[in-house]
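These notes concern the structure reproduced below.
The values are calculated or read from the model by the stated rules, or taken from the named source; none is laboratory data. Bear in mind the structure is a predicted one, so any value in this text is a computation, not a measurement. A quick note on method: Cβ atoms are made from the backbone with ideal geometry, for glycine too, and the neighbour counts reach across all protein chains shown. Protein only, heavy atoms only, side chains kept; ligands, DNA and RNA dropped before computing areas. Shrake-Rupley method; radii C 1.70, N 1.55, O 1.52, S 1.80 Å.
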Amino acid sequence: PVHPSLRKHLAAYYDFEHPVRGDPARERDLGFSRTDIGLVGGGARMRTEDGAHRGSRTSLQVRQVNPETKGNDDWKAGVHGPSGVPSLRAFNSVEGMTVMGWFKMTGPNPGLNSNTAAPDDRYGAVGLAGVLSGDSDGHAVRGLLEIIEVDGELRLVALGRRLDGAGSQTFAASRDWRSLLPVGEWVFLAATFDFGTGAMALYRDGRRLDGFYTVPGDPWDLSGPGPHRASPTDPRGIKIGGSFPQNTAERNPCDCRMDSLMFLDSAVGGDRIRAQYRLVTAR
């Protein structure tokens, strides 16, 4: 269930109904990059019979497992290559990108911070899905959908970084994130990143969200002559439901389900995002 206008840009696509043959703890990429991902922490048990839309039967459950213990047992997904993931070359020197998919909150978020001793300390963010930067340790990203603290308040954001090792920009939705992602309800989210112009956008159920940029100045270094693109490096992977897909640490888990995750090598317009939403929700 992919709209024809998106197919040529669909670098990676996961519907969580296609385990890798012989390895059910891995999910097959249905996009053109063929970047299979690992289901970290829970393996095949993370596939849940709860499809987000009429064309889906199964989604991915991610969650925090032992919030009071520092460890590496959270349920999340993704892939990481310490020198880059060559199959993700579509995001090397890319002019723009889009991250979108279906999300359903299934528990309290953000989770308790398992990396501190304080019993009531919670993470300042909830990781949804994104593409890592070319120098990432498993946390830093090139483009990400996330819930993160902005001026002391959690907000749904698109967070993008054009250049490896440089500053990121965040576009935050104005509405309360809890009204955008109510517990128990499937929601279709999209974030777009135009590295040439610096424009970013958020969409919910095909409609563009009002929002604001949080970083003043020029964090993407667009003041010089263009054209401007992302760094000429292969991303080090994809992270879904929290950071460090190589499972070396825990950070920003999400107690949620995800379905039909798309990673596109273009900042597609709102008309095509609406078309994808309507394709799978039309009766």
Averaging sequence separations of C-alpha pairs under 8 Å and six or more residues apart, then dividing by the length of the chain, give the relative contact order as a whole percent.
29
Heavy-atom accessible area order for Lys76, Lys8, largest first, 1.4 Å probe
Lys8, Lys76
Dividing the helical contributions, -39500 (n - 2.57) per DSSP H run of n ≥ 4, by the residues of the chain yields a 222 nm value, nearest 500 deg cm²/dmol, of -1500 deg cm²/dmol
Net charge within 11 Å of Glu149 by Cβ-Cβ distance, Lys/Arg positive one each and Asp/Glu negative one each, not counting Glu149 itself?
-1
Please give the length that would be gained between Val183 and Arg278 if that part of the chain were fully extended, namely 0.36 nm times their separation in residues minus their C-alpha to C-alpha distance (nm, one decimal).
32.0 nm
Rounded to the nearest whole Å², what accessible area per residue is found for the chain with the 1.4 Å probe?
41
Within the stretch 31-119, list the GluC sites (Glu not before Pro) lying in a DSSP loop whose Cβ has at most 14 other Cβ atoms in a 10 Å radius.
Glu49, Glu68
Want the number for Ala44 to Leu222: 0.36 nm per residue separation, take away the alpha-carbon distance, what's left?
59.7 nm
Return the carbon/sulfur percentage of the accessible area of the stretch 4-281, one whole number, probe 1.4 Å, all protein chains in place.
46
Could you tell me which GluC sites (Glu not before Pro) in the stretch 118-188 are loop residues by DSSP with no more than 12 other beta carbons within 10 angstrom of their beta carbon?
Glu185
Arg21 to Ala166: extension gain in nm, 0.36 nm per residue of separation minus the Cα-Cα distance?
48.3 nm
When each of Lys104/Lys239; Lys8/Lys104; Lys8/Lys76 is checked by Cα-Cα distance, pairs over 24 Å
Lys8/Lys104; Lys8/Lys76
Apply the Karplus curve 6.51 cos²θ - 1.76 cosθ + 1.60, θ = phi - 60°, to the phi angles in the stretch 11-17 and return the couplings in whole Hz, x for Gly and Pro.
5, 9, 8, 10, 10, 6, 10
Roughly how many Å is it from the Cα centre of the stretch 76-128 to that of the stretch 190-216, as a whole number?
18
Need one number: convex hull volume per residue for the chain, Cα atoms only, in Å³.
122
Given contacts defined as C-alpha pairs under 8 Å and at least six residues apart, what's the relative contact order of the stretch 194-270, whole-number percent?
29
